[in-house]
């Protein structure tokens, strides 16, 4: 029997070859299927198994013309490939007489507890003579999706209503993240609103979004709290088709004030309807089952430096606030949730604010100077500058770990991290020599010196800009920034632009800026390209920053050279660190060299400690780990007799026990401190 079977098989093979040569064999056609997985109520990734399963004229498994196997089980070899975001595609060959019954299967959805099979009925591809590319097919889930389950109707069904002369863009966001929960996300809240906000005008054409209003709201994809779709919110925005090719900036928001802390999201508006792949709210990790707890967090900031240069005056009525994710980065009622109170006899301000968050999640914030506009303008003849911290870590957010204890003391910090030792006094001038190579510019908007482009310096710290009388100009987004626009020139035509800017005291010794190029119209409005940097968030490098350090004897350098290449990519911009972390708090002659315990201890991110020296001497304070390795230098300078307060920033160090060691006047003193993240 085996011999007869083999003989028949060989005979059939010979017949197929013969028919192929005579032109009477069954012709083949190529089939292309494209799937959109945005309608799976799950956080479907781009690397899972997405497969076509089915049968040929009701028979399975069947080997197709190109050697692929189709079956209703995992024996099928028709695996789709992700071609970007929600889109999956596969191409295979079948005979033109084949009637193919099929549906898509998602293994990742099955693994997540969402049925991985599409709903019935099964689509049928009828026989045909030509290659076939079917329309994009949205996964028809058997699980509830936005109130629907089962058959959606036509093969080319969409989860939105088609509209003429518009481009539909489908947004999806997973809301139950650490940041989302900390911002107030809860499916138990009947009044909760999840929305998209963004730029309302692009190239003079209105968009369906707004930064100020919830014009596009999203709804949950499932009411089943055991399924991932319970925390996924989605919805559609319709863009004018004339906006194709424009870049839209946007963010998700909870209840009008719970903004994402991450940088603005962007996408290029396509020429046809599309979906944007799901994202985590604020790019934060999914929240654990732990619920938020209420805890008092003590914020303390020192404004000695700003008082000394005259920019801040509590006697004038100026105040300082703390703003962050916990209050929507705003302060509509300063007396309730953000206004810091002055500590009598000091230039320090503090407040314990009750914050509800998941323990061990991140807490992000900044300090904000709220100038008394009327009194300020009466004194200086001009409005005050913007009050945000922009010198701290290149303008990014301060971030600490919320520990959920009864009261968490964040220790004393300085606005912008500017201390008294960073103040350039009146009468001191420092020449800053800029040099920027323009060989690397943005490919979308190349630098064109022959066409009239200029290279400019955009000062990102308005307070520093105000101290130097740098004019405000409006950039293409309508955002006011001090702008040095006529300084840099290329006299030898080597594409390197140079110029010298003189900093005059009183001010502080950190310049925060970006390079940009382009042109201004008659009204002074800038059109061009600005270095993007790392964007908002907590990653240093949002702006360029250079701390001008005083000399060891307390004098200031006459000049500073800054040489750079223009950086068009969205990578962190270069910066240096402030090595002045010490302030003298007393000049009386101490009786002995001392080193006091740090406070707070344990600490998160930064801690302070006091020490004394009895005579002018070399002072060195280093930080060491438990095996004696040197990990940081806090002080390395000649200091006169007095009492000092040092601040240690543990950025980049892991949790654990460390030792800080003072060496001065022949004495060595060491103390332990505990870093908890």
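Readers should treat all values here as calculations from the given coordinates under stated rules, not as data from a laboratory. Because the structure is a prediction, the values reported are computed rather than measured. Note: ideal-geometry Cβ built from the backbone for every residue, glycine included; neighbour counts use all protein chains shown.
The table below lists the values:
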item: Tilt relative to the chain, helix 2-22 - C-alpha long axis, 0 to 90 degrees, to 10; result: 80
item: Percent antiparallel among DSSP beta bridges (both partners in the chain, rounded to 5); result: 85
item: Shape metrics for segment 293-418, restricted to C-alpha atoms - Rg then Dmax, Å; result: 14.8, 47
item: Estimated FRET transfer efficiency (residue 527, residue 316; beta-carbon r; R0 56 Å; 0.05); result: 0.90
item: Computed label-point distance, nm, for sites residue 191 and residue 674 using a 7 Å Cα→Cβ extension; result: 4.2
item: At q = 0.16, 0.17 Å⁻¹, base-10 log of I(q)/I(0) for segment 364-503 (Debye sum, equal scatterers on each alpha carbon); result: -1.07, -1.15
item: Part-to-part distance (alpha-carbon centres) for segment 52-101 and segment 368-436, which is given in Å; result: 63
item: Anisotropy class of segment 445-600 from Cα gyration tensor, a/c 1.5 cut; result: prolate
item: Relative packing of peptides 565-573, 101-109 - highest average C-beta neighbours within 10 Å first; result: 101-109, 565-573
item: For segment 223-298, the Rg and Dmax computed from alpha carbons only, in angstrom; result: 16.5, 51
item: Distance (nanometres) between label positions extended 7 Å along Cα→Cβ at residue 163 and residue 426; result: 6.0
item: Anisotropy class of segment 525-585 from Cα gyration tensor, a/c 1.5 cut; result: prolate
item: Per-residue Cβ neighbour rank within 10 angstrom, fewest leading, 137, 564; result: 564, 137
item: Spread of Cα-to-Cα distances over 10 Å intervals beginning at zero, given as percent, for segment 24-138; result: 14, 48, 30, 7, 1
item: Packing-based order for 244-256, 34-46, using average beta carbon neighbours within 10 Å, highest first; result: 34-46, 244-256
item: Column: log10 I(q)/I(0), Debye, Cα scatterers of segment 248-341, q = 0.15, 0.17, 0.25 Å⁻¹; result: -0.85, -0.96, -1.36
item: Per-pair calculated FRET efficiency, R0 = 60 Å: residue 490 and residue 346 via Cβ, rounded to 0.05; result: 0.75
item: Extension gain from residue 224 to residue 89, taking 0.36 nm per residue of separation minus the Cα-Cα distance; result: 45.6 nm
item: Rg ratio (alpha-carbon, reference 2.2 N^0.38 Å) - segment 582-675; result: 1.03
item: For Cα Rg over 2.2 N^0.38 Å, calculated from these coordinates, the label among [x] 1.07; [y] 1.41; [z] 1.23; result: [z]
